[in-house]
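Please treat every number below as a calculation from the coordinates, not as lab data. Computed from a predicted structure; not experimentally measured. Every residue, glycine as well, gets a Cβ built from its backbone with ideal geometry; the counts of neighbours run over all protein chains shown.
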Amino acid sequence: MFDQVADRCDLTNVLLSLGATRLPFADRTFDALTISFGLRNMHDYPRGLAEMLRVTKPGGRLVVGEFSRPTPPPSARSTGST
């Protein structure tokens, strides 16, 4: 079915597996980015989200499919000591 749609449309899809905190793309490169079940694996998810937004074109879409509640990155955690 995808082949039938791709034949009728000018679709360009890119599937990559990269470290999300330093993407090797220029600003405002992509119309859309997706990540599914990946925030939980980032050591610094706020930085990863900021980086994904950096490479998304204005008016583009960043779609996050995540059902876990990520813990704060180490730099944002309180040590609990006084």
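Some points to look at:
- Between Phe30 and Thr56, Lys57, the built amide H atoms are under 5 Å apart, and every one of these is 5 or more places off in sequence or on another chain.
- Were the residues from Asp44 through Glu66 laid out at 0.36 nm apart, the gain over their Cα-Cα distance would be 6.4 nm.
- Protection proxy ranking of 28-35, 46-53 - average other beta-carbon atoms within 10 Å, highest first: 46-53, 28-35
- For Glu66, residues with placed amide H under 5 Å, excluding near neighbours: Phe37
- In this rough spin-label picture, where each label sits 7 Å from Cα along the Cβ direction, the Lys57-Thr29 distance is 1.5 nm.
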